Amino acid sequence: MPVPVPRQRAIPAAESVQAQGAFSPGGPSGASTDGPTGAASVPRASALTDSTTSLTLLVIEDDPGGLLSVPEMLDAAGKPIRIRTARNLTEAERLLTDDVHCILLDLALPAPGRATDSNDELTTLKHVLRLAPRHAVLALTASGDSERGAEAVRVGAQDYLVREELDGRLLSRAIRYAVERKRSDTAERRLTESRLHAQENARLERGLLPTPLLDGSPLRFAARYRPGRSRALLGGDFYDTVRTPDGTVHAMIGDVCGHGPDEAALGVELRIAWRALTFAGLCGDELLSTLQQVLEHERDNEEIFATLCTVDIAPDGRRAGLCLAGHPSPLIARPGRPAELLPYDNNGPALGLLPHARWPRMQVELGAAWSLMLYTDGLIEGHVGDGRERLGQDGMVDMVRRQLVQGLQGEELLRAAVNEVRELNGGELTDDVAVLLLDRRP
């Protein structure tokens, strides 16, 4: 079935312009030229390019001065479509520069290196489509070969034209339609590819976020994560919580300097390494020393470092071991007492800064009921108001105290804390934020 002439839906009203004079691509006097071969002028669609750029059509036909002859027309802005002509595909490849917008291909043109009676009548078209994947293509057929024209559109051409019916109005319309359709198809394909890429990234990042392993533990777990990168799900912050067979609950939170995709990948590597080393029985200084070796091997340059806080909570839930590697100390809240920071006097250096560093493990008494909040510095480094003052640890402690008095706990407490920090900052935080909360209720 012949393909109908394209409708005007996406085409400007330049179609009403009347023909002025006549031309054949062989080059009558008065035709504008572009390139080494003769060229003639037909109208351009001003909506398809900016006001200073004309459309360029490349005609590929072995006898361009023969049957192809249409009146010359100008668009509403008076700018002609520039015409380049090529008698074979070798010449066409030389003329196919970036400023060509559309190709008019005679389907009767012999295929390169193939006999004219080849079994595949569209070999030439397929060669042009491979040669010019970003260009709009119009197929030119004879009046009795409309089925071949329709097949050309199925293969990849934007439209086909019948040689005997060709005139300036139809050619102008077809060129503008073909260019616009090609651009629309290209934009749609890129949008689809972008969406698929984003979906794949989202699935990957969700899969890299940790699932706490706390089966058999009475502790309640909640976490909040907000990457600093726009439209990202994963940043340079990382956290994890697991329960080992002896009943000890291990929790950690860390921060790789920076918050790009490379830092996010390194954070995932450190988290997975921490989980594996914890299940292997490492703890405290031995675990952190091994993690530093992992960091040194995996980082891109020697300036990359990571801060880390690890907590191992005894099976009875009343005491814990704390190790800090250049990381803020956790906050603890207990009934009848104001929330406060755990001791941080023995804070060791961040991972990756000092070779052969040591990280002492501090013993901390938790009590019978408590809430322990681990966080990254994104929660405390946001600004307060319009000035340069930052919230800091003291401001964060006061904020959490108010929220606890309001009865907030668990996921609700973390959500309120992150939202208030963002509001105090006057907008989105530029750094990654991770917050982890463990609760023990008798």
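FYI, it's all coordinate maths here, none of it is from the lab. Fair warning: this is a prediction, and the values are worked out from it, not measured in the lab. Cβ coordinates were reconstructed from backbone atoms using ideal geometry, including for glycine residues, and neighbour counts include every protein chain displayed.
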Along the charge dipole of the stretch 256-324, which of Ala265, Gly317, Gln292 sits closest to the positive end, that is, farthest toward it, with unit charges on the beta carbon of Lys, Arg, Asp and Glu (+1, +1, -1, -1)?
Gly317
Would you mind computing Rg(Cα) / (2.2 N^0.38 Å) for the stretch 248-297, counting N as its residues?
1.14
Report, largest value first, the span of the C-alpha coordinates of the stretch 124-229 along each principal axis, in whole Å.
84, 24, 20
Under a 5 Å amide H to amide H cut-off, with H placed in plane at 1.01 Å, what residues pair with Leu140 once short-range neighbours are removed?
Leu105, Asp106, Leu107, Leu161
Sort 308-317, 148-157, 420-429 by the packing proxy (mean of other Cβ within 10 Å over each peptide's residues), most packed first.
308-317, 148-157, 420-429
Each residue of the stretch 387-394 in turn: what ³J(HN,Hα) in whole Hz from Karplus with 6.51, -1.76, 1.60 and θ = phi - 60°, glycine and Pro shown as x?
x, 9, 5, 9, 4, x, 5, 5
Hey, can you rank 188-198, 99-109, 280-290 by average C-beta count inside 10 Å, highest first?
99-109, 280-290, 188-198
Using θ = phi - 60° and Karplus 6.51 cos²θ - 1.76 cosθ + 1.60, couplings along the stretch 315-324 (whole Hz; Gly, Pro as x)
x, 7, x, 9, 8, 8, x, 10, 10, 10
Karplus-derived 3J(HN,Hα), 6.51/-1.76/1.60, for each residue of the stretch 425-442, Hz, glycine and proline x:
6, x, x, 4, 7, 7, 9, 5, 10, 10, 9, 10, 10, 10, 10, 10, 10, x
Starting from the exponent 0.38 and prefactor 2.2 Å, build the expected Rg for the stretch 359-438 from its residue count and divide its actual Cα Rg by it.
1.18
Which far-off residues, 5 or more places away or on another chain, put their amide H under 5 Å from the one on Ala132, with H placed in the peptide plane?
none
What do the square roots of 5 times the Cα gyration tensor eigenvalues come to for the stretch 316-357, in whole Å, largest first, as semi-axes of the equivalent ellipsoid?
27, 12, 7
Mean Cβ-within-10 Å packing, highest first, puts peptides 369-378, 160-169 in the order 369-378, 160-169
At q = 0.10, 0.16 1/Å the base-10 log of I(q)/I(0) from the Debye formula over the alpha-carbon atoms of the stretch 221-367 is -0.34, -0.87
